[in-house]
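The values are calculated or read from the model by the stated rules, or taken from the named source; none is laboratory data. All of these numbers come straight from a predicted model, not from anything done at the bench. Please note: Cβ atoms are built from the backbone with ideal geometry, for glycine as well, and neighbour counts cover all protein chains shown. With ligands, DNA and RNA removed, areas are computed over all heavy atoms of the protein, side chains included. Shrake-Rupley method; radii C 1.70, N 1.55, O 1.52, S 1.80 Å.
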Amino acid sequence: MTLKHLPTSVRARAPLRVGLAGGGTDLKDFYTVHGGAVLNTTINRYAYAELLPCSEGFVAEALDSSCEQVIEPDHDPTTLPRHLLLHWAVYERMMADYNGNIRIPCRLSTYCDAPIGSGLGSSSTLVVAMIKAFVEALNLGIDDYEIAEMAYRIEREDCALAGGRQDQYSATFGGFNFIEFEEDRTVVNPLRVKNWFRCELESSLLLHFTGVSRQSAEVIEDQTKAALGEKSDRLSYLQNLKAEARHMKEALLKCDRDGMLNSLNRSWQSKSRTSNKVSSPRIEQRIDLAMTHGAEAAKVSGAGGGGFILFMCPPSKAIQLRETLLAEGGETTFCCFSDHGTQAWRI
């Protein structure tokens, strides 16, 4: 049944994520040949979407960048502000696939707890939240796999944005997940981490923002070339990252703190070698500083080049380390986990 008006107002949110191991093996050129595996966890930082009826047209709004525009049906998407491209793509996909190309007048507003380019999966998480808002408003029977896959297609196909496949699934499902990628399927394996060990990790993990929101496309281009180079050293580093996802899974399920921090360090060593754009003088300076003030492990979250660095340290040194990193001018917070994936509610 096609609709001409939005039947209700809806808010939705989806959690951001921290990649613990395997990032880069979720790139299509790698996993379609070698199979990919990542381990990530969602945190209590979110992307939000609000969907409201309006009198006519489609209004897209990015509240955190003060960007708003009425987008006409025949609008050239290449002329849209970068902050609103995903809004348009989600709206077009939902109207085409679920409302017979009948465009419902509505306002779609979003904001996010972290900047685009933070390495926490913010772009993909925004897409998931926007889709979830439409799913609730239109009362669609779409399961989590369908939502995640639609978010992936919107970003990678409709908008031709470079990136991997893990962020859409982590934001949709939520929690600790070991995710496997093959050419024709993705499998999400939720992990039941003991509560006392979760408490230990939340007391030990710090997220530090480098102050640089990076563009991941150049890093991903290098990693894609590595995936296609059958005998390249960089391909072996991607293979190492895939293996670390399994090591991290074992460490988490066994509550093996040393195993986890060793895996984080090995992952960073391999990841930083997949592209010369993954690290930077600022990143290396922050990691070296943290290591001299109690950090035991460090790894950049996301593609690299900037964004957030994840540090692991003894809980007794966490406050001192946090103060040291704050003095460098970058936001630094404890890493608190979120168990729930994307959610929506009517207002």
Please arrange 334, 178 by accessible surface area, largest first, computed with a 1.4 Å probe and ligands excluded.
334, 178
Figure the gain on full extension for residue 140 and residue 319 (residue separation times 0.36 nm, minus the Cα-Cα span) and round it to one decimal in nm.
59.8 nm
At q = 0.25 Å⁻¹, what log₁₀ I(q)/I(0) does a Debye calculation on the Cα points of segment 136-201 give, no solvent, two decimals?
-1.12
Student exercise, segment 1-109 dipole from Lys, Arg, Asp, Glu Cβ charges, in Debye to nearest 20
440
Tell me the angle of helix 85-98 to the major Cα principal axis of the chain, expressed in degrees between 0 and 90 and rounded to the nearest ten.
60
Per residue, what volume in Å³ does the Cα convex hull of segment 25-102 take up?
169
Compute the acute angle (0 to 90°) between the alpha-carbon long axis of helix 144-153 and the principal axis of greatest extent of the alpha-carbon atoms of the chain; round to the nearest 10°.
90
Too long at a 19 Å Cα-Cα cut-off: which of 132/194; 271/299; 242/271?
132/194
Of all stretches in the chain that avoid GluC sites (Glu not before Pro) placed in a DSSP loop and having at most 16 other Cβ atoms within 10 Å, the longest is 57-181
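Between rounded, prolate and oblate, where does segment 252-347 land on the alpha carbon gyration tensor, with a ≥ b ≥ c its root eigenvalues, rounded for a/c under 1.5, else prolate if a/b exceeds b/c?
Verdict is rounded for segment 252-347.
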Leaving ligands, DNA and RNA out of it, work out the accessible area of residue 247 with a 1.4 Å probe and give it in Å² to the nearest 10.
90
Listed candidates [x] 60, 44, 37; [y] 60, 56, 47; [z] 65, 49, 47 - label of the one calculated as Cα extents along the principal axes in Å
[x]
Would you work out the charge dipole size for segment 47-194 about its Cα centre, treating the Cβ of every Lys and Arg as +1 and the Cβ of every Asp and Glu as -1, and quote it to the nearest 20 debye?
420
The helix 122-137 Cα axis meets the longest alpha-carbon principal axis of the chain at an angle in degrees, between 0 and 90 and rounded to 10, of 40
log₁₀ of I(q)/I(0) at q = 0.20 Å⁻¹ - segment 50-185, Debye sum with one point per alpha carbon:
-1.29
Report relative contact order for the chain in percent, whole number only (criteria: Cα-Cα under 8 Å, sequence separation at least 6).
27
